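Peer 1: The structure is given below, and queries will be raised subsequently.
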Amino acid sequence: MDTIPHFVNGDELMASDVDRNSNFNHSDVFNPSIGASTARVVHASATQVDLCVSMAEQAFEKWKKVSLGKRAAIMFTFKSLVEENIDYLCQLIGQEHGKIAHDALGEVKRGIENIEFACSAPLALKGEHNRQVGSGIDVFTEPHPLGVVAGITPFNFPAMVPLWMFPLAIVCGNCFILKPSEKVPSAAIFLAKLLKQAGLPDGVFNVIHGGRETVDAILHHPAIKAVSFVGSTPVAKSIYKTATANGKRCQALGGAKNHAVIMPDANVNFVSDQIIGAAFGSSGERCMAISVAVCVGKKTADDFVKACKAKIAHLKVGPSSENSNDFGPLITKQHLQAVQAHVEEAERQGASLVVDGRYPKIAGEAKGFFMGATLIDHVNKEMKCYQEEIFGPVLCVLRVDNLKQAVDLINANQYGNGVAIFTTNGFAAQRFKEHIEVGMVGVNVPIPVPVAYHSFGGWKNSLFGDLHAYGPDGVKFYTRRKTITQRWSDNAQETGPAFGFPAND
Ligand code: NAD
């Protein structure tokens, strides 16, 4: 079975024979459409992390002196190479994640947006300048790179989430160590090779594989200045705590429970189409997936559930290799079982199972980790299926009497990643966006992922840290500011020492 290499200092770094033969420090990579392992990754030890960091530190000394124009030009070539190789990249994503090509294509295109933003980063790195803040004195503030920074990413976007991070960090002058999800390691390695082909000097971008122990080595390495994390909430919380306790800058994006509020005036056909796509696309394994529909009024709920039930009957779940499928399998057998258990528990707690997708019939691929679209009505806020992130193709329906109840329900939820309202009433939408405590809000838009020149981030337990991911916040995250106050005078004279605190009168 193939072992997927790390990528350190511009080259593939194979695991040593000792590592390869050890049963302890590796994991299998699966193709979830066929339910079989296809490769393995050896998890980097603290020694390997240290080696990688020292290579990146050496590269940083040269990279920070490379002109902004050259850095942007390399990223521009990288963007073209990703575009040229987009089909292969989507294939890699499909094989390890299970998403269908049309979905992988969307992911990569949104990732490319972030490379484009990175190409324009010189504009965002201009700094600030004031003349004459005191007599003959000017002040300017300039962004400097941090040094070696790291990114730890989840399984559900093998290309896009890493692309949120490293193109911008690199153009800002940093060297980057990516620790992708050990479940989907190949896309990151392929991107590293394309960056090298684009002319990036060795050591500026590195990829190491691993799980908890590798992450711990990153969090405790004194030379790593900042950590960007995207993943589940418990891990995000713990990474934020450890990284900041170790003096690192950290942004840790966590899990989600995204609600869509459906007002009585919304068009039920439009809304059911929009929410079915957002709930079941990518098998619900998206941090911005809609997992809860909050229907305002009994008739709204009855009409919505009826429309969804009819449309779900036509959805196609199946292997990633078949582009006519609507969505593919879940990531692992354990995750499939956990999602199935949520459905069982919801029924036990008194919810109505309108569509049960637990055991779909899949032609010829019975061993894949498949689950069909599942619709659960009459859910209440105490039920486990509402309280916890399920991360599967399961849509829960809650019924409320008015918009205020919907807003109160959502604001009481521990997560605050994304939310949407469907209405034709501008006043209702305005009130909603004003009072809702969620970081990304859609008005008649089910998946409001901000474009690359805004930033991405939730509130509450969906993000730990101050700055959101990518865009203008990304530039701030990957740079630190130095402010210079300077006087140049052609007739400097003896003034005598001044002991009062300098006031700029
Ligand atoms: P995860 O938290 O299990 O893993 C994320 C990363 O952390 C992986 O690289 C993994 O190797 C590492 N990791 C796992 N357990 C760890 C531990 N105990 N200590 C240190 N590192 C650990 O998440 P996942 O299952 O890969 O991804 C799905 C989760 O990510 C969902 O909760 C989803 O909502 C969330 N997510 C959030 C966003 C966002 O922008 N907020 C985006 C995508 C995914």
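The values are calculated or read from the model by the stated rules, or taken from the named source; none is laboratory data. Here the structure is a predicted model, which means the values were calculated and not measured. Here the Cβ positions follow ideal geometry from the backbone for every residue, glycine too, while neighbour counts run over all protein chains shown. Just so you know, the surface numbers come from the protein's heavy atoms only, side chains and all, with ligands and any DNA or RNA stripped out. Shrake-Rupley method; radii C 1.70, N 1.55, O 1.52, S 1.80 Å.
Peer 1: Taking the Cα centre as origin and putting +1 on Lys and Arg beta-carbons and -1 on Asp and Glu beta-carbons, what dipole magnitude results for the chain, to the nearest 20 debye?
Peer 2: 420
Peer 1: Relative contact order of the chain, please, whole-number percent, based on alpha carbon pairs below 8 angstrom and at least 6 residues apart.
Peer 2: 18
Peer 1: Among Leu123, Ser37, Gly98, whose Cα sits farthest toward the positive end of the charge dipole of the stretch 1-146 (+1 at Cβ of Lys/Arg, -1 at Cβ of Asp/Glu, about the Cα centre)?
Peer 2: The residue sitting most towards the positive pole is Leu123.
Peer 1: A further question follows. Expressed as an acute angle from 0 to 90° and rounded to the nearest 10, what is the orientation of the C-alpha long axis of helix 333-348 relative to the principal long axis of the chain?
Peer 2: Long axis of 333-348 versus the principal axis of the chain: about 50 degrees.
Peer 1: Then there's this: Is there a quick way to get the dipole size of the stretch 317-380? I mean about its Cα centre, with the Cβ of Lys and Arg at +1 and of Asp and Glu at -1; what is the value in debye to the nearest 20?
Peer 2: It works out to roughly 220 debye.
Peer 1: Rounded to a whole number, what % of the accessible area of the chain do carbon and sulfur atoms account for, probe 1.4 Å?
Peer 2: Roughly 52 percent, rounded to a whole number.
Peer 1: Something else about it: Starting from the coordinates of the alpha-carbon atoms of the stretch 107-257, obtain the Kirkwood hydrodynamic radius over all distinct pairs and give the value in Å to one decimal.
Peer 2: The Cα-based Kirkwood calculation yields 16.5 Å.
Peer 1: Compute the distance from the alpha-carbon center of the stretch 201-236 to that of the stretch 118-133, in whole Å.
Peer 2: 29
Peer 1: While we're looking at this one, here's another question. Over what distance in Å are the Cα centres of the stretch 370-394 and the stretch 82-114 separated?
Peer 2: The distance from the Cα centre of the stretch 370-394 to that of the stretch 82-114 comes to 28 Å.
Peer 1: Continuing with this model, one more query. Where does each of Val204, Val133 land when they are ordered by accessible area, with a 1.4 Å probe and the largest first?
Peer 2: Output order, biggest surface exposure first: Val133, Val204.
Peer 1: Give me the percent of DSSP beta bridges within the stretch 368-505 that run antiparallel, rounded to the nearest 5.
Peer 2: 30
Peer 1: Students often check this: by mean Cβ neighbours within 10 Å, which of 208-217, 172-181, 65-74 ranks highest, and how do the rest follow?
Peer 2: 172-181, 208-217, 65-74
Peer 1: Counting heavy atoms of the protein chains only and a 1.4 Å probe, report the per residue accessible area for the stretch 346-426 as a whole number of Å².
Peer 2: Solvent-accessible surface per residue comes out at 43 Å².
Peer 1: Moving on. Work out the FRET efficiency for Asp356 and Lys384 from their Cβ-Cβ distance, taking R0 = 22 Å, and round it to the nearest 0.05.
Peer 2: Step by step, r from the Cβ atoms, then E = 0.80.
Peer 1: A follow-up question, please. In the neighborhood of Asn323, defined by Cβ-to-Cβ distances under 12 Å, what is the net charge if each Lys or Arg adds +1 and each Asp or Glu adds -1?
Peer 2: Neighbourhood net charge equals -2.
Peer 1: Please state the shape class of the chain: rounded when a/c is under 1.5, otherwise prolate if a/b exceeds b/c and oblate if not, all from the C-alpha gyration tensor.
Peer 2: oblate
Peer 1: With runs of 4+ DSSP H residues as the only contributors, calculate the mean residue ellipticity of the chain at 222 nm using -39,500 (n - 2.57) per run, divided by the residue total and rounded to the nearest 500.
Peer 2: Helix contribution divided over all residues of the chain: -12000 deg cm²/dmol.
Peer 1: Quick one: which residues, 5 or more positions from Phe30 or on another chain, have an amide H under 5 Å from its amide H? H modelled 1.01 Å from N in the peptide plane, none for Pro or chain starts.
Peer 2: Sorted by chain and number, the residues that satisfy this are Thr38.
Peer 1: In addition: Taking the mean number of other Cβ atoms within 10 Å as a proxy for protection, how do you rank 55-64, 29-38, 160-169 from highest to lowest?
Peer 2: 160-169, 29-38, 55-64
Peer 1: Residue-wise, which Karplus ³J(HN,Hα) couplings in Hz belong to the stretch 166-178, taking 6.51 cos²θ - 1.76 cosθ + 1.60, θ = phi - 60°, and x for glycine or proline?
Peer 2: 6, x, 5, 4, 5, 5, 6, x, 8, 9, 10, 10, 9
Peer 1: Given Leu375, Ser238, Gly426, which one lies farthest toward the positive end of the charge dipole of the chain, if we put +1 on the Cβ of every Lys and Arg and -1 on the Cβ of every Asp and Glu?
Peer 2: With unit charges placed on the Cβ atoms, the residue in question is Gly426.
Peer 1: Collect residues whose amide H, placed 1.01 Å from N in the peptide plane, falls under 5 Å from the amide H of Leu13; neighbours closer than 5 in sequence don't count.
Peer 2: Amide H neighbours of Leu13, under 5 Å, 5+ apart: His6, Phe7, Val8.
Peer 1: In addition: For the chain, take the longest principal axis of its alpha carbons; what is the angle in degrees between that and the long axis of helix 403-412, to the nearest 10 within 0 to 90?
Peer 2: So the helix axis and the longest Cα principal axis differ by about 60 degrees.
Peer 1: Could you give the length gained by full extension between Val443 and Gln430, i.e. 0.36 nm per residue of separation minus their alpha carbon distance, to one decimal place?
Peer 2: 3.8 nm
Peer 1: I'd like to compare 228-237, 119-128: which one has the highest average count of other Cβ atoms within 10 Å, and what's the full order after that?
Peer 2: Listed from highest to lowest mean packing, they are 228-237, 119-128.
Peer 1: Note down the magnitude of the dipole of the stretch 460-505 about its Cα centre, charges +1 on Lys and Arg C-beta and -1 on Asp and Glu C-beta and zero elsewhere, to the nearest 20 debye.
Peer 2: So the dipole magnitude of the stretch 460-505 works out to roughly 360 debye.
Peer 1: Please state the shape class of the stretch 43-122: rounded when a/c is under 1.5, otherwise prolate if a/b exceeds b/c and oblate if not, all from the C-alpha gyration tensor.
Peer 2: oblate
Peer 1: Can you give the angle from 0 to 90° between the axis of helix 101-119 and the longest principal axis of the chain, with both taken from C-alpha atoms, to the nearest 10?
Peer 2: For helix 101-119, the angle is close to 20 degrees.
Peer 1: Further question: List every residue whose amide H lies under 5 Å from the amide H of Val261, counting only residues 5 or more places away in sequence or on a different chain, with H placed 1.01 Å from N in the peptide plane.
Peer 2: Residues meeting the criterion, in which the H sits 1.01 Å from N, are Val294, Ala420, Ile421, Phe422.
Peer 1: Another question, if that's okay. Among Gly350, Ala217, Gly203, which residue has its Cα positioned farthest towards the positive end of the charge dipole of the chain, with +1 placed on the Cβ of Lys and Arg, -1 on the Cβ of Asp and Glu, and the dipole taken about the Cα centre?
Peer 2: Highest projection toward the positive end goes to Gly350.
Peer 1: Any idea of the accessible area per residue across the stretch 132-271, 1.4 Å probe, to the nearest Å²?
Peer 2: In whole numbers, the stretch 132-271 has 28 Å² accessible per residue.
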